[in-house]
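What follows is calculated from the coordinates using simple rules that are stated; it is not laboratory data. Just so it is clear, the structure is predicted and the values come from calculations on it, not from any experiment. All Cβ positions, even for glycine, are placed from backbone atoms using ideal geometry, and neighbour counts span all protein chains on display.
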């Protein structure tokens, strides 16, 4: 324990030192909006509002969604993962993460050091945009935050909190930032025409694959398959899923980066796909189990949201419903597969986000018909291959990179709490708190 505390203190000290250096670095003062600005007030207001909506997806949305699905002795630790992910990612994004993701391209793989400490990122528009550079930066920050938080669902109820903090810092630096650059920052996937409107590969596949690796490396929870591990508070989960639905309008429609017709189309596509996803999941569940469940409805809605994310700006409402209902069905089967294979992805991150993101990315190659992208059913069969390359590259990179990071963290800090601490519950053993008196 003493070793863990010393390593954690050292990590925090290094992070604070780098943060101070970045803030005090030359050129770190934010630029002001210039006289020749093309900033549009409506676009700016929409992107800033969308940024707040994406933050609400994570805290409190995802925190409640995940927190309700664990046992009562772990609800605070589970919610803490979402909360601290936002904190850790926010600091790293300002210091170096944003520059690695969106700085000047280096060989199509990573961004340069242009914007370390947000040097030069301020009120001026960037690269012909109609919004302040700082608005784009903070919008992308919220995407990075929820991606890391999503992974925590796979390690719930057994991961050392200090290890999760360090893992979050390393993962957003070495996995998320390069992937964001590949697709959105001028990297090789975007250059070859990969269509990912709001994060099917960058957010959902990357986090889902990372979750699978985390679940396999950490191993099963003690008592998995024999103890009762049913959700302790489904109302929490339903409220969280509902907040995710609302916040996702900022996630998808906000990715238009303007208050325009593309945003309106993405908004509609997001809503109808979510509804269809819930119905698709419930249909399979009702047929197989004989009863529809509220947890199934919530899970199906999230599956629909995940599936439509890469396609939201490229498809019409009918195609969106097809993608959504497909997401509900394939994600239900993905969760069913977990039960058959026996790995302990505690809150089904792979089944919903990894499988749903994969389906959505491939379906974009089938149904894209607007917004600068066309798919197989609208005369461009080559788009399916491009999407498949994007999916495959994300699976491989996230899988290998996450495994390496976990092994480094395990060797230096230790990933998992002791059996005694796990049985007692992480709320008490990691945080000395109780959710309920």
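Placing a pseudo-label 7 Å from each Cα along the Cα-to-Cβ vector at residue 127 and residue 333 gives an inter-label distance of 3.7 nm. Sorting 82-92, 68-78 by their mean Cβ neighbour count within 10 Å, with the most densely packed peptide first, gives 68-78, 82-92. Subtracting the Cα-Cα distance of residue 419 and residue 41 from 0.36 nm times their residue separation leaves 130.6 nm of extension gain.
Approximating the spin labels as points 7 Å out from Cα along Cα→Cβ, the residue 224-to-residue 294 distance works out to 2.8 nm.
For segment 167-197, backbone nitrogen atoms closer than 16 Å to the point 7 Å from residue 104 Cα along Cα-to-C-beta are found at 186-187. The Rg/Rh ratio of the chain, with both radii computed over alpha carbons and Rh defined as the Kirkwood radius, is 0.96.
Take the Cα of residue 404, step 7 Å toward its Cβ, do the same at residue 234, and the gap between the two points is 4.4 nm. Counting only DSSP H runs of at least 4 residues, each contributing -39500 (n - 2.57), and dividing by the residue count of the chain, the helix-based mean residue ellipticity at 222 nm comes to -20000 deg cm²/dmol.
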